[in-house]
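Remarks on the structure that follows.
The values are calculated or read from the model by the stated rules, or taken from the named source; none is laboratory data. The shown structure was predicted, so the numbers you read here are calculated from the model rather than taken from an experiment. Reconstructed Cβ throughout: ideal geometry from the backbone, glycine too, with neighbour counts over all protein chains shown. The protein model used for the area step is the full one, side chains on, heavy atoms only, and it has no ligands, DNA or RNA in it. Shrake-Rupley method; radii C 1.70, N 1.55, O 1.52, S 1.80 Å.
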Amino acid sequence: MTIIEGKVWKFGDNVDTDVIVPGKYLIGDIDEIAEHVMEGIRPGFAELVNKGDVLVGGKNFGTGSSREVAPRAIQAAGVSAIVAESFARIFFRNCINVGFVPLECPTAGEIEEGQHLHIDTVAGEITVIETGISHHALKLPTEIGEILEAGGLEPLLKLRIGGRT
Amino acid sequence: MGMTLAEKIIARAGGRDVVRPDDVLWVEVDVAMTHDSSGPRRFWPSLRELGVGVWNPEKLVIVADHYVPAADVGSARILQTTREFVKEYGITRFHEAEGISHTLMVEKAYVRPGMLYVGGDSHSLTAGVLGCLAIGVGSTDMLGIVATGRTWLRVPKTIRVLIDGGLPTGVTAKDLILTIIGEQGMDGGLYRVLEFGGEAIAGMDIEERSVLTNMCAEIGAKSGIVPADATTVAYLADRDIDVPTGPVSDQDAVFETTWGYDASAVVPVVARPHKHDDVVAAADAGEAPLSRAYIGACTGAKYGDLAMAAEVLAGRKVAPGVLLQVAPASRAALRQAMESGVAQILMDAGAHILSTGCGACPGIGTGVLGPGEVCISTTSRNARGRMGSPDSEVWLGSPYSVAAAAVAGHVVDPREMLAVPV
């Protein structure tokens, strides 16, 4: 997906995987987990969010544990993209591996809750529809672009392993 | 221009002569670890779909530590899946309920200096204490490694962390790393490798050093590494492994920056509830009443941690209204505590000894917190709801601080109970 449009849900700095998906839900499958996504920081979020909405975070988004269900649950709840000033590194990897573009945007803090964004994920351009102000996401290295183009690491592995045999 | 230790390890694993920060490359992993929570139950179906097996069963370590002992049928199913995977692919280095994965990787010396080790958990960084580059990843990354032995890495910048002086009595590596995190912030080392050195590090044993590499996860780092020195060589020799000291960073390696600390100026500190970088001196923490004290996790329940707690608890009792729970980081730690008398001291003081495993630390195992509970813990994280109810509070501190708080009923400077001049 290259063009995304959606409403903003704004979060602060250091949003931890323990509040994205509290440990007690890890026992379940992804659909059950998604019903509780962000529960530790904004109870009821899963019911409030609409398909296509965008999460905007501050610094170090997704800090904490390696649980890949954190980005997966956000994705499964209908969120189309995450924009943050910076990402915690395992969360960043997990997003790429599950085919969910992490947009690292140093000026994300200027974006406000409830605004609507128009995002060109390939160009890394994020425009606030209400104000026309544009923000820029850092460009991802080519090698990471390849994984995202395949739709994530698993589809890429399928291509590579399939190609070998 | 030379390379840092982390750059050297990545270059070797990637088949290159030289790498520089921000290069992205595919590398061969020397050893990998996955556990019951993020492991086979998550990636096995995909592995089957790929139509391949485990790239090298001898290089894969599997540990069941999150859902042990099974507290319900769902947990038991996760453990069964883990065992079935181990059997199907002939994994010999499998440990169930024997200890926490990160503790076992070090205790059993499954990593060696100079190796590239990738584990399917954020605290995999712990193993960097033995001079390897230890990196934590999620389940799909682990799927890729289990299937092919390869993964992609972006070369991190290295920050040199030089700790001069020596830690005063009653002050621990936990106080030191919390002090560093408090100053640098929980994203202060984002995407970086922290390379530890200096007089204070040279004076610490492997267990204490491992608290530093363990909690590099709490400063956002990709890894923390202690180049192998005489202490490392002796630790490995005790396990019948013969290695030389090093490898080390080149003399002309480029570090992004150097953080210098004086260990002798560090005091007992605690992190206040909900933010592990909200660090204050234990003496200034106030006297909010505690309902729980927890000595557990890969961070704070190795033998040395239990022994520190025993130093405080000898001849004392846990305060009424406080439940002190101890979940040893490994069976070996518990056995040593039983043989040395430390376990007896903990029990005489009123401690409840739990099974070894991740336990209450990630809010999964036994001993989780209910609403309104206030806990002080030797673990590494205290985000809201980490250890149970979102309405509970967790303070983080050293084994000395947790034991002393358990006796006092609130946070105190533990040196008050160690007969040390404050």
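In whole Å, what is the distance between the alpha-carbon centres of the stretch B:346-422 and the stretch B:92-152?
27
Run through the DSSP bridge list for the protein assembly as shown and note the antiparallel percent, rounded to the nearest 5.
On the way: 22 of 77 bridges.
So the antiparallel bridges in the protein assembly as shown amount to around 30 percent.
Give, rounded to the nearest 20 debye, the magnitude of the charge dipole that the stretch B:159-304 has about its Cα centre when Lys and Arg contribute +1 at Cβ and Asp and Glu contribute -1 at Cβ. Show your work: numbers first, answer last.
Working: 10 positive and 22 negative charges, 105 e Å.
About 500 debye.
If the elastic network links every pair of Cα atoms under 10 Å, which of B:N214, B:N382, B:N56 fluctuates the most in the Gaussian network model of chain B?
Ranking B:N214, B:N382, B:N56 by mean-square fluctuation puts B:N56 first.
Where is the GNM fluctuation largest for chain B (alpha-carbon springs, 10 angstrom cutoff): B:A230, B:A405, B:A329?
Of B:A230, B:A405, B:A329, the Gaussian network model singles out B:A230 as fluctuating most.
Which residues in the stretch A:87-104 have a backbone N closer than 17 Å to a point placed 7 Å from the Cα of A:A150 along the Cα-to-Cβ line?
Output list for this probe position: A:93-101.
Indicate the gyration tensor shape class of chain B (rounded, prolate or oblate), computed on the Cα atoms with a ≥ b ≥ c the square roots of the eigenvalues: a/c under 1.5 is rounded; otherwise a/b larger than b/c is prolate and the rest oblate.
Numbers: a/c = 1.77, a/b = 1.24, b/c = 1.43.
Taking the square roots of the gyration eigenvalues as a ≥ b ≥ c, chain B is oblate.
Residue separation times 0.36 nm, minus the C-alpha to C-alpha distance between A:E112 and A:E5: what's the value? Don't skip to the end; give the middle numbers.
Details: separation 107, 0.36 × 107 = 38.52 nm, distance 1.49 nm.
Residue separation times 0.36 nm, minus the Cα-Cα distance, leaves 37.0 nm.
Within the stretch B:310-401, list the trypsin sites (Lys or Arg not before Pro) lying in a DSSP loop whose Cβ has at most 15 other Cβ atoms in a 10 Å radius.
Working: sites: B:R316, B:K317, B:R331, B:R335, B:R381, B:R384, B:R386; in loops: B:R316, B:K317, B:R381, B:R384, B:R386.
Passing both the DSSP loop test and the Cβ count: B:K317.
How much of the DSSP beta bridge set in chain A is antiparallel, as a percent to the nearest 5?
Working: 12 of 24 bridges.
Of those bridges, close to 50 percent are antiparallel.
Normalise the Debye intensity by I(0) for the stretch A:3-164, one equal point scatterer per Cα, no solvent, then take log10 at q = 0.17 Å⁻¹ and round to two decimals.
So the normalised log intensities work out to -0.98.
Assuming R0 = 51 Å, can you tell me the calculated FRET efficiency for the pair B:D72 and B:A281, based on Cβ-Cβ distance, to the nearest 0.05?
Working: r = 41 Å, r/R0 = 0.80.
With a Förster radius of 51 Å, E is 0.80.
Report the extension gain between B:D391 and B:D17 in nm, rounded to one decimal, defined as 0.36 nm multiplied by the number of residues separating them, less their alpha carbon distance.
On the way: separation 374, 0.36 × 374 = 134.64 nm, distance 5.24 nm.
Taking B:D391 through B:D17 to full extension adds about 129.4 nm, to one decimal.
Given Cα pairs under 8 Å that are at least 6 residues apart, what percent is the relative contact order of the stretch B:237-371?
Once divided by the residue count of the stretch B:237-371, the mean separation gives 19 percent.
Would you calculate, for chain B, the mean residue ellipticity at 222 nm contributed by helices, counting each DSSP H stretch of 4 or more residues as -39,500 (n - 2.57) and dividing by all residues, to the nearest 500?
Details: 14 runs with 129 residues, N = 422.
So the helix-based figure for chain B works out to -8500 deg cm²/dmol.
Only Cα pairs within less than 10 Å get springs; with that Gaussian network setup on chain B, which residue of B:S377, B:S392, B:S223 has the largest fluctuation?
Maximum fluctuation in the GNM of chain B, among the listed residues, is at B:S392.
Can you pull the percent of Cα pairs in the protein assembly as shown with separation above 37 Å?
Details: 49227 of 171991 pairs.
That fraction is 29 percent.
Please report, in debye to the nearest 20, how large the charge dipole of the protein assembly as shown is about its Cα centre when each Lys and Arg carries +1 at its beta carbon and each Asp and Glu carries -1 there.
Approximately 1140 debye in magnitude.
Using Cα pairs under 8 angstrom and six or more residues apart, how large is the relative contact order of chain B, in percent? Walk me through the numbers on the way to the answer.
Details: 1075 pairs, mean separation 71.3, N = 422.
So the answer I get is 17 percent.
Which shape class, rounded, prolate or oblate, goes with the stretch B:271-417 when its Cα gyration tensor gives a ≥ b ≥ c as root eigenvalues, a/c under 1.5 marks rounded, and past that a/b bigger than b/c marks prolate? Walk me through the intermediate numbers first.
Values: a/c = 1.66, a/b = 1.23, b/c = 1.35.
The shape class here is oblate.
Could you pull out which residues in the stretch B:211-228 have an amide N less than 14 Å from a spot 7 Å beyond the Cα of B:A265, following the Cα-Cβ vector?
No residue passes the distance filter.
Dipole of the stretch B:5-263 (Lys/Arg Cβ +1, Asp/Glu Cβ -1, origin at the Cα centre): which of B:V52, B:T140, B:S124 lies farthest to the positive side?
B:V52
What's the extension gain from B:A419 to B:S355 if we count 0.36 nm per residue and subtract their Cα-Cα distance?
Values: separation 64, 0.36 × 64 = 23.04 nm, distance 3.17 nm.
Gain in length upon complete extension: 19.9 nm.
From largest accessible area down, sort A:E154, A:E39, B:E287; use a 1.4 Å probe on the protein chains.
Numbers: A:E154 35, A:E39 55, B:E287 135 Å².
I get B:E287, A:E39, A:E154, largest accessible area first.
Set the Förster distance to 41 Å, then compute FRET efficiency between B:D238 and A:L159 from the Cβ-Cβ distance, nearest 0.05.
On the way: r = 46 Å, r/R0 = 1.13.
It comes out at approximately 0.30.
What trypsin sites (Lys or Arg not before Pro) in the stretch A:18-89 are in a loop by DSSP, with at most 10 other Cβ atoms within 10 Å of the Cβ? Mind dumping the intermediate values first?
On the way: sites: A:K24, A:K51, A:K59, A:R67, A:R72, A:R89; in loops: A:K51, A:K59, A:R67.
Counting only loop positions with at most 10 other Cβ atoms within 10 Å, the trypsin sites (Lys or Arg not before Pro) in the stretch A:18-89 are A:K51.
Would you mind getting me the FRET efficiency between A:K24 and B:E199? Use the beta-carbon distance for r and R0 = 35 Å, nearest 0.05.
Working: r = 44 Å, r/R0 = 1.25.
Efficiency at R0 = 35 Å is approximately 0.20.
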